[in-house]
Amino acid sequence: MVDTSVGPRAVDQALAGRVAIVTGASRGIGRGCAVGLGARGATVYCTGRRTSAASPPEAGTVEAVAAEVESVGGRGVAVACDHRDDAAVEALFARVQQEQGRLDVLVNNAFIIPKELTSGKPFWKVPLSNWDDMIDVGTRSAYATSRLAAPIMVEQGSGLIANISSSGAAEYAWHVAYGVGKAALDRMTSDTARELEPHGVAVVSLWPGLVLTE
């Protein structure tokens with residue numbers, strides 16, 4: 001990831017001409033991934049639910065991250081997208097295909113963190129909606145975007161899908177639904193990698209651990 005707190009810096013252009021989508025890019029790990037890709041010259045479509053019409057855009061919005069991508073040498077494209085909305089997600093990939101004709105990197109980072117995640121309460125004392133929050137925008141949304149990215153990457157014979165997971169896939173962390181979602185995400189990574197490998201497309205899970213964010 002790239003620290004942009006001290007302003008623009010010299011960049012390499014190793015990813016010039018490459019196209020990426022980073023989901024949940026407005027803050028935290030998604031923001032870091034988007035800016036990091038931009039710092040190497042990529043065109044980065046930054047998705048998220050938080051938007052800003054202000055100039056300059058408010059921090060924590062997709063417009064602000066797209067501007068950061070531009071400031072470090074890439075091209076940032078802000079896209080308002082709720083990853084529970086299949087039609088909106090399909091429109092995103094159709095737009096990238098139409099505008100760029102390719103997709104080289106997909107970072108699946110979109111995730112909802114319910115307030116009970118770090119409460120320490122056992123699963124039977126938290127709302128059932130916690131499951132839907134973390135499985136729908138997390139595991140399912142990563143599956144949906146991977147399904148849409150795969151045909152583009154297979155046709156071009158190359159690509160990388162990076163799923164943002166955690167050690168919660170292998171050991172208890174925070175919340176039952178959280179661990180189930182991350183374990184499922186890692187299993188999905190393994191199985192989609194198996195099917196995409198013959199087509200030159202790689203799929204990996206990343207476990208960033210504790211990250212200092214906003």
Loop-located chymotrypsin sites (Phe, Trp or Tyr not before Pro) in the range 105-214, at most 11 other Cβ atoms within 10 Å (DSSP): 172
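If the only charges are +1 at each Lys and Arg Cβ and -1 at each Asp and Glu Cβ, what is the size of the charge dipole of the range 118-166 around the Cα centre, to the nearest 20 debye? Present the calculation step by step, with values, prior to reporting the outcome.
On the way: 4 positive and 4 negative charges, 41 e Å.
Magnitude of the dipole: close to 200 debye.
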Apply the Karplus curve 6.51 cos²θ - 1.76 cosθ + 1.60, θ = phi - 60°, to the phi angles in the range 167-181 and return the couplings in whole Hz, x for Gly and Pro. 5, x, 6, 10, 8, 4, 8, 6, 6, 4, 5, 4, x, 4, x
Please list, ordered by chain and number, the residues whose modelled amide H lies under 5 Å from the amide H of residue 50; skip anything fewer than 5 residues away on the same chain. 62
Long-range amide H contacts for residue 77: which residues qualify at under 5 Å (H placed 1.01 Å from N, peptide plane, sequence gap of 5 or more or a different chain)? 44, 45, 46
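Which FRET efficiency, nearest 0.05, do residue 91 and residue 191 yield, Cβ-Cβ r, R0 41 Å?
Numbers: r = 27 Å, r/R0 = 0.65.
That pair, residue 91 with residue 191, gives E of 0.95.
To the nearest 20 debye, what charge dipole does the range 1-148 have about its Cα centre, counting +1 at the Cβ of each Lys and Arg and -1 at the Cβ of each Asp and Glu?
Values: 16 positive and 16 negative charges, 49 e Å.
So the dipole magnitude of the range 1-148 works out to roughly 240 debye.
Given R₀ = 35 Å, FRET efficiency for residue 98-residue 176 by Cβ-Cβ distance, to 0.05? Show your work: numbers first, answer last.
Working: r = 41 Å, r/R0 = 1.18.
Using R0 = 35 Å, I get an efficiency of 0.25.
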Can you give me the long-range amide H partners of residue 203? Hydrogens built in the peptide plane at 1.01 Å from N, cutoff under 5 Å, separation of 5 or more residues or another chain. 161
Phi-derived 3J(HN,Hα) across the range 141-154 with the Karplus relation (6.51, -1.76, 1.60, θ = phi - 60°), rounded Hz, x for Gly and Pro, is 5, 5, 5, 4, 5, 4, 4, 7, 6, 4, x, 5, 5, 4
Taking θ as phi - 60°, what are the ³J(HN,Hα) couplings along the range 71-81 by the Karplus curve (6.51, -1.76, 1.60), each to the nearest whole Hz, with x for Gly and Pro? 5, 9, x, x, 10, x, 10, 7, 10, 6, 8
Hey, how many Å between the Cα centroid of the range 135-192 and the Cα centroid of the range 49-86? 23 Å
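Counting helices only, and only those DSSP H runs with n ≥ 4, report the 222 nm mean residue ellipticity of the chain as the sum of -39,500 (n - 2.57) divided by its residues, in deg cm²/dmol to the nearest 500. Walk me through the intermediate numbers first.
Numbers: 6 runs with 79 residues, N = 214.
The helix-only estimate for the chain comes to -11500 deg cm²/dmol at 222 nm.
Values quoted throughout were computed directly from the atomic coordinates according to the rules given, and no laboratory measurement underlies them. What you are looking at is a predicted structure, and each value in this text was computed from that prediction instead of being measured. Cβ coordinates were reconstructed from backbone atoms using ideal geometry, including for glycine residues, and neighbour counts include every protein chain displayed.
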